[in-house]
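Step one of this worksheet: look at the structure below.
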Amino acid sequence: MNEIRVTGGNSLHGSISIQGAKNSALPMMAASLLHRGISVLKGCPRISDVFCMEGILRELGAVTWWDDHDLYLDCTEANKTEVSAEYTEKMRSSVILLGVLLARNKKGRIGYPGGCVIGRRPVDLHISALRSLGARITEGGFFIYGECDCLKGNRIILGKTSVGATEQAILAAVTSKGETVLENCAKEPEILWLCRYLKTMGADIQGEGSSVIRIKGVKELSGGTMRVPSDRIVAGTYICAAAITRSEITIENAPIEELEAFLEVYEKMGGQYEDKSGKLRVNGKFVCHPIHCLETEAYPGFPTDLQSPVLAVLATIPGQSHIRESIFEDRFRAAKELVRMGAHIEVKGADARIDGGYPLTGCRVKADELRGGAALVLAAIAAQGETCITGAGFIRRGYEHICEDLKALGCQEIREE
Ligand code: UD1
């Protein structure tokens with residue numbers, strides 16, 4: 001799929017269920033490599049980032065197979081230690097495998113991580129956490145090398161809140177010798193789910209979801225089995241789809257408690273929602289208020305991953321809105337494409353000022369990262385005429401079937417080509 005073609009302008013209705021979360025599935029897959037046997041991830045999203053992580057595990061010697069959306073990972077013979085740059089440059093979160101390789105094999109070599117072009121995205125915190133656990137890390141050319149005699153528990157204070165570095169440290173620490181205390185941990189739900197999964201494998205972890213996590217290393221882990229939780233970012237994207245088309249839809253399995261900061265902003269825009277025993281009914285018919293200052297933050301603050309979808313919605317609301325992106329340096333790349341569609345957005349550094357309410361008109365636009373690409377799809381379903389979104393492969397990294405989902409919700413013309 002390279003292009004998505006959408007004819008916008010009609011409202012949405014009906015209900016939709018949400019895929020498993022990309023950002024939970026990936027670290028859970030990495031964690032499975034800590035067990036020399038079979039682990040099962042139920043309800044795993046069939047998206048290209050998951051296929052990329054599956055490719056890496058296979059390259060390391062794992063045998064994997066799918067039964068519908070259940071992913072089986074047999075890591076009995078996954079004893080290789082080198083991950084080629086071909087995979088890692090496609091997906092940033094591959095870097096968390098370095099700690100797992102060290103824990104399992106005492107050495108590892110991994111290509112420098114790639115991923116979405118949304119800022120510098122260094123890996124210094126990952127490397128310093130692994131060094132604190134006793135690994136010797138060298139960086140050279142296209143690769144990061146690590147080796148250790150054995151990983152030993154330690155006190156690690158993460159210099160900055162980072163989801164990936166927190167996951168890296170947890171994965172490396174669960175089978176290390178002695179106790180590890182991790183301070184200034186990220187509190188994102190994905191950390192909690194990773195720890196829950198590791199606990200099903202026999203890990204001894206306390207404090208997950210708070211800023212201090214304590215881990216007592218265990219000798220070995222058994223096989224894990226867990227359902228991948230539903231994707232809070234995909235749920236938020238579809239709530240934005242209802243908002244931008246001023247429609248009413250139901251989301252069957254929205255992780256409502258993980259969407260608090262987002263739903264607060266959605267309500268400020270005039271959006272309404274009702275939690276009907278786990279089903280989230282969202283009504284975007286009264287979305288009309290600009291947002292004077294929205295700032296992205298680490299969880300439980302407003303998620304940077306929903307910044308672009310909300311930017312698209314704000315472009316349709318008359319009045320002045322302002323978004324400050326405080327997590328990544330270059331995450332307004334969708335803005336210039338939205339401007340091509342008729343939006344009035346001015347970006348200066350970390351700030352986007354939106355003069356909303358100008359009509360959007362379909363044209364040819366380019367997605368160059370995942371969430372920005374999803375924002376263009378949202379703009380397209382609200383725009384007059386046909387929009388062609390190129391670079392749609394970026395969207396497949398995180399959305400299993402965005403076209404089918406929006407079609408099921410009543411978008412009359414939307415297809416992948
Ligand atoms: C994860 C999510 C991503 C989300 C992001 C922030 C996955 C697969 N991806 O990305 O969707 O947008 O959290 O919620 O889960 N940083 C450093 N040094 C490091 C690591 C990070 O300076 O070693 C900085 C980053 O440049 C960024 C900030 O820390 O400014 C937060 O990044 P981080 O939380 O690590 O994001 P990811 O784990 O890459």
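The values are calculated or read from the model by the stated rules, or taken from the named source; none is laboratory data. Please read these numbers as outputs of a predicted model, since none were measured by experiment. With ideal geometry, Cβ positions are generated from the backbone for all residues, glycine too; neighbour counts draw on all protein chains shown. SASA here: full protein model, heavy atoms, side chains in, ligands and nucleic acids out. Shrake-Rupley method; radii C 1.70, N 1.55, O 1.52, S 1.80 Å.
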### Query
Got at least one residue in region 227-242 being open to solvent by 20 Å² or more (accessible area, probe 1.4 Å) and more than 16 Å from the ligand (Cβ to nearest atom)?
yes
### Query
Going through region 1-43 one residue at a time, which ones are modelled with pLDDT under 95 and of a type outside the set (S, T, N, Q)?
Met1, Gly8, Gly9
### Summary
Considering residues that are surrounded by 15 or more Cβ atoms within 10 Å (Cβ to Cβ) and either of a type in the set (A, V, I, L, M, F, W, C) or in contact (Cβ under 8 Å) with a residue 40 or more places away in the chain (or both), the number found within region 272-300 is 12
### Task
Tell me which residues, restricted to region 349-405, are within 16 Å of the ligand (Cβ to nearest atom) and either assigned to a helix (DSSP H, G or I) or without any contact (Cβ under 8 Å) to a residue 12 or more places away in the chain (or both).
Gly349, Leu370, Arg371, Gly372, Gly373, Ala374, Ala375, Phe394, Ile395, Arg396
### Task
Go through region 137-172 and give me each residue that's in contact (Cβ under 8 Å) with a residue 40 or more places away in the chain, touching a Ser or Thr at 6+ places or on another chain (Cβ under 8 Å) and away from the ligand (no atom under 16 Å from the Cβ).
Cys150, Leu151, Gly153
### Message
Restricting to region 173-194, count the residues that are in contact (Cβ under 8 Å) with a residue 24 or more places away in the chain and under 22 Å from the mean Cα position of the chain (by Cα).
### Response
10
### Task
Specify the residue that is farthest from the ligand (Cβ to nearest atom); the eligible residues are those in region 35-45 that are under 12 Å from Tyr197 (Cα atoms) and buried (at least 24 other Cβ atoms within 10 Å of the Cβ).
Ser39
### Task
Can you tell me which residue among Gly108, Gly134 is outside any helix (DSSP H, G or I) and surrounded by fewer than 21 Cβ atoms within 10 Å (Cβ to Cβ)?
Gly134
#### Entry: Unique residue being open to solvent by 40 Å² or more (accessible area, probe 1.4 Å) and among the small types (Gly, Ala, Ser) when the list is Ser15, Ser84
Ser15
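Which ones in region 308-324 are open to solvent by 10 Å² or more (accessible area, probe 1.4 Å) and either among the charged types (D, E, K, R) or assigned to a loop (DSSP other than H, G, I, E, B) (or both)?
Matches in region 308-324: Thr316, Pro318, Arg324.
Would you confirm whether any residue within region 37-50 is out of contact with any helix residue (DSSP H, G or I) (no Cβ under 7 Å at 6 or more places or on another chain), among the polar types (S, T, N, Q) and touching a residue at least 24 places away in the same chain (Cβ under 8 Å)?
No, there is no match, as no residue in region 37-50 is out of contact with any helix residue (DSSP H, G or I) (no Cβ under 7 Å at 6 or more places or on another chain), among the polar types (S, T, N, Q) and touching a residue at least 24 places away in the same chain (Cβ under 8 Å).
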### Task
Return only the number of the condition from (1) open to solvent by 60 Å² or more (accessible area, probe 1.4 Å); (2) within 14 Å of the ligand (Cβ to nearest atom) that Lys216 does not satisfy.
(2)
